[in-house]
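Submitted below is the structure of interest, expressed as structure tokens.
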Amino acid sequence: MEKRVTFSRSTIGILFAVPQLLLIFTFFYWPAGQAVYWSLTLQQPWGGGNIWVGLDNFRSILANADYWNSITASLVFAGISTGLAMFIALVLAALTDRQLAGSRLYRVVLIWPYGIAAPALAMAFRFILAPEAGFMAVLNQVWPGFWDPGLDGADAMASIIVAFSWKYVGYNFIFFLAAFQAIPRSLIEAAAMDGSGVVRRFRDIQFPLITPTIFFLLVINITESFQDSFGIVDIMTSGGPANATNLMVYKIYSDGFKGLDYSGAAAQSIILMLLIIVLTIFQFRFIERRVHYR
């Protein structure tokens, strides 16, 4: 007679969780622990061991004016790109949520940009925003020197903001559209019958009901603007001109892989992680109170 093997619920849960826990430990906790250790030592790029220096790497970084410029550039980039991507996505989602001809086609077209890899996206925008070709070349002919991201730091920052925002419009659009479609149509129809216009219905009914989605996307967009901007910066500006677009994530790469300062790059990654944590806590502490979950 064949015996049936049985497991307790806790045993089954552990067995299913072990592979995921191993992946998390291997690709997250172990590298994070290594980064913390490297940030407290002086790593020799060509071997020869390491020297324990404690917090000296952090002191050296925080005393560097270029690093503070990198923090400022990162905050400016995160604030503007997040606001721009969320605002455009919100407007487009509100428009496509209405019963318009071809609205399904519009939705598919607006979602596509998020599926484009960062290098391909950066190459496309590098060509589109080139000062010697396309629309920008026409503007430069009318106003000489109007646009030159290779020499003007503000133009370079604007170019990477436009590229990054364009990518995340599609991501935000998906969530905003889902939030709009989750609102009961009876509420919108009742408000319309009471004489409320489109703007008033959006302000008094739709916007308060989608604030949880807005808050979620705010946290995600700010976090991704610090972490997911490397590919765009590397291809479009390489951190220039004059370090105007040398964002924190790109400076980690530049100092670590180009400058071979592994310890300094590790310390910078720890600072970046702490900054993201602080910004996330700030959002949950001061912005979430304005969110309407009911």
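Throughout, read-outs are computed from the coordinates displayed, never taken from laboratory work. Everything numeric here is computed off the predicted structure, so don't read it as measured data. Ideal geometry is used to build each Cβ from the backbone, glycine not excepted, and the neighbour counts take in all protein chains shown.
Can you order the peptides 218-229, 197-208, 269-280, 17-28 by their average number of other Cβ atoms within 10 Å per residue, highest first?
Top of the packing list down: 218-229, 269-280, 197-208, 17-28.
Report the local net charge at SER254: Lys and Arg +1, Asp and Glu -1, summed over other residues whose C-beta lies under 11 Å from its C-beta. Mind showing how you got there, number by number?
Values: positive: LYS251, LYS258; negative: ASP66, ASP234, ASP255, ASP261.
Value of the local net charge: -2.
Could the peptides 171-182, 144-155 be put in order, highest first, of the mean number of other beta-carbon atoms found within 10 Å of their residues?
In decreasing order of mean packing, 171-182, 144-155 become 171-182, 144-155.
For the stretch 1-93, what does the alpha-carbon gyration tensor say about shape, rounded, prolate or oblate, given a ≥ b ≥ c as the root eigenvalues, a/c under 1.5 as rounded, and a/b over b/c as prolate? Let's see the in-between values first.
Working: a/c = 4.55, a/b = 1.36, b/c = 3.34.
Judged from the Cα gyration tensor, the stretch 1-93 comes out oblate (a/c at least 1.5, b/c at or above a/b).
As a test of the formula, what do you get for the chain when each DSSP H run with n ≥ 4 contributes -39,500 (n - 2.57) and the sum is divided by the residue count, at 222 nm and rounded to the nearest 500 deg cm²/dmol?
-20500 deg cm²/dmol
Mind pulling up the Rg/Rh value for the chain? Radius of gyration and Kirkwood radius, both on Cα.
1.07
Relative contact order for the stretch 224-267 using alpha-carbon pairs under 8 Å, separation at least 6, rounded to a whole percent? Intermediate values should be presented prior to the final figure.
Working: 34 pairs, mean separation 12.0, N = 44.
Reported relative contact order: 27 percent.
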